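Visitor: Sharing a structure below in structure tokens format, with a few things to ask.
The values are calculated or read from the model by the stated rules, or taken from the named source; none is laboratory data. This is a predicted model, so every value here is computed, not measured. Every residue, glycine as well, gets a Cβ built from its backbone with ideal geometry; the counts of neighbours run over all protein chains shown. For the accessible areas, the whole protein counts, side chains as well, though only heavy atoms, and no ligand, DNA or RNA atoms are used. Shrake-Rupley method; radii C 1.70, N 1.55, O 1.52, S 1.80 Å.
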Amino acid sequence: GFLRCPQTACACSLSLVSREGLVHVFGGSGQKRVPVSYLAVLWYTSAAVAVTSSRGILRVTHLPFCLSACQFVISTGFTYTLLRWVLPWWTKGSFRVNLRDLPRESPERYIVHSIALTYTLGFLFTNVALSLCNASFAETVKAAEPISSLALAQLSRGEDAVSRIEWLTTLPIVAGVGLSSYSETSFHVLGFLAAGTSNFMFSLRALHAKQLRRNHGSPVGLDDLHLFFRISRFGSKLLVPIALLFEGRALFRLLFSTPVAMATSPTVGGLLANSTEPVPGGLESPALELGAAPTLSLSQILLLVLLNGICYCTYNQTSFVVLGRVPFVTHATLNVMRRVFIIIVTSWYFQTAINGLNMFGIALAISGFSLFLYMKVYLSSLPTLPR
């Protein structure tokens, strides 16, 4: 699953959920199973709502650090509820729970913290990209994640670790992202770099995760659902003080201001991109989308943040449940179509202006991503990889 393949795991956005836990809840062998089609609908819908609401919140507030902190805090509470009460009740006490911190002398502690750090930074940079660029453009750039995965695999496994065929499959991705960037009216250098850094962090996380499973397996307290809880808790502890440090003043103004509407300049960390003065929530990059964001009250923003956090957690967890029910190739195909679905939904919802060249670039990048996944599966079935 997610933790076993560093070159495709993050690209497929598979979640860290216990196969013994949620897969059992949604129906194992001998149980009445929830149809995969229903799970796929939940996966697609929650993913679209998560990305769309993230972009919507960031258009209004432009506080990516605060949004990331809220996502991790909500995920921590959501997963804690599953581990502490839901799964033990559903499995009639057979599901073993271990929420204690790993001992300092534990050999797994360093690797778990490495996974948590790269995972947290990956989502943080994703939100920074969404605060500066169209959601459709950010998703297109994230389709280039196989490039960073192959680069890390090459560095970690030797000069000939990756075949030439694998590298060739990334050319359509590079060309597609390049065309999309060239024709993108909302292109923002910092947004592009943030999305690229997010890809690198997720690829690095996958390498650490594979090392954890290869060296230590899945002991009690480190199965995938417990690991997801530990990562969310680590991310919460890291992001909350960082968000308060960089965006505290802007957050304070947002909490005690009148209903928020969008302003006129892009920000990062509560600072204007072309200024050094902190600004309140409600800032926008100019000419990103045609649709104007509505004025939102504080209660509406908080409800939207809560919905965003729940959907963020749900789509990651549902992804793994689907993986446990279908072959990897089917899951990879569904995941590619999920990315296409999100690009379509966000473009429609925000009325993003997409020209022909931009559309061709998006299609080329997604096609290259699909080709990469297909070739990975095909080459892994060969006794010797061609170099």
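Visitor: Going down the table (Lys237/Lys376; Lys142/Lys376; Lys92/Lys210; Lys92/Lys237), which pairs top 29 Å between alpha carbons?
Guide: Check vs 29 Å cut-off fails for Lys237/Lys376; Lys92/Lys210; Lys92/Lys237.
Visitor: What list of ³J(HN,Hα) couplings, whole Hz, do you get for segment 102-109 from phi and the Karplus terms 6.51, -1.76, 1.60, once you set θ to phi - 60° and write x for glycine and proline?
Guide: Running phi through 6.51 cos²θ - 1.76 cosθ + 1.60 with θ = phi - 60° gives 5, x, 4, 8, 5, x, 7, 4 Hz.
Visitor: For the full complex of protein chains and a 1.4 angstrom probe, list Lys92, Lys210 by accessible area with the highest value first.
Guide: Heavy-atom accessible area, descending, gives Lys92, Lys210.
Visitor: Continuing with this model, one more query. What order do you get for 114-124, 344-354, 65-75, 169-179 when each peptide is scored by the mean count of other beta carbon atoms within 10 Å, highest first?
Guide: 65-75, 114-124, 169-179, 344-354
Visitor: Now for a separate question. FRET efficiency for Arg104 and Ser367, Cβ-Cβ distance as r, R0 = 45 Å, nearest 0.05?
Guide: 0.40
Visitor: Now a separate question. Given R₀ = 22 Å, what would the calculated FRET efficiency be for Val174 paired with Ile344, taking r from the Cβ atoms and rounding to 0.05?
Guide: So, using R0 = 22 Å, E works out to roughly 0.45.
Visitor: May I pose another question? Starting from the Cα-Cα distance between Ser163 and Tyr80, subtract it from 0.36 nm times their residue separation and give me the gain in nm to one decimal.
Guide: 25.7 nm
Visitor: Using modelled backbone amide H atoms (1.01 Å from N, in-plane), which distant-in-sequence or interchain residues come within less than 5 Å of Thr352's amide H?
Guide: Leu290
Visitor: Follow-up. Pop out the carbon and sulfur fraction of the accessible area of segment 87-229 as a percent, whole number, probe 1.4 Å.
Guide: Ligands and nucleic acids excluded, carbon and sulfur reach 62 percent.
Visitor: Keeping all protein chains in place, calculate the accessible area per residue for segment 86-182 (probe 1.4 angstrom), answer in Å².
Guide: It amounts to 46 Å² per residue over segment 86-182.
Visitor: Using the Karplus equation 6.51 cos²θ - 1.76 cosθ + 1.60 (θ = phi - 60°), what ³J(HN,Hα) coupling, rounded to whole Hz, does each residue of segment 58-65 give in order, writing x for Gly and Pro?
Guide: Result, rounded to whole Hz: 6, 5, 8, 9, 6, 10, x, 5.
Visitor: Per 0.36 nm of contour for each residue apart, how much would the distance between Val41 and His113 grow if the chain were fully extended, relative to their Cα-Cα spacing?
Guide: 22.6 nm
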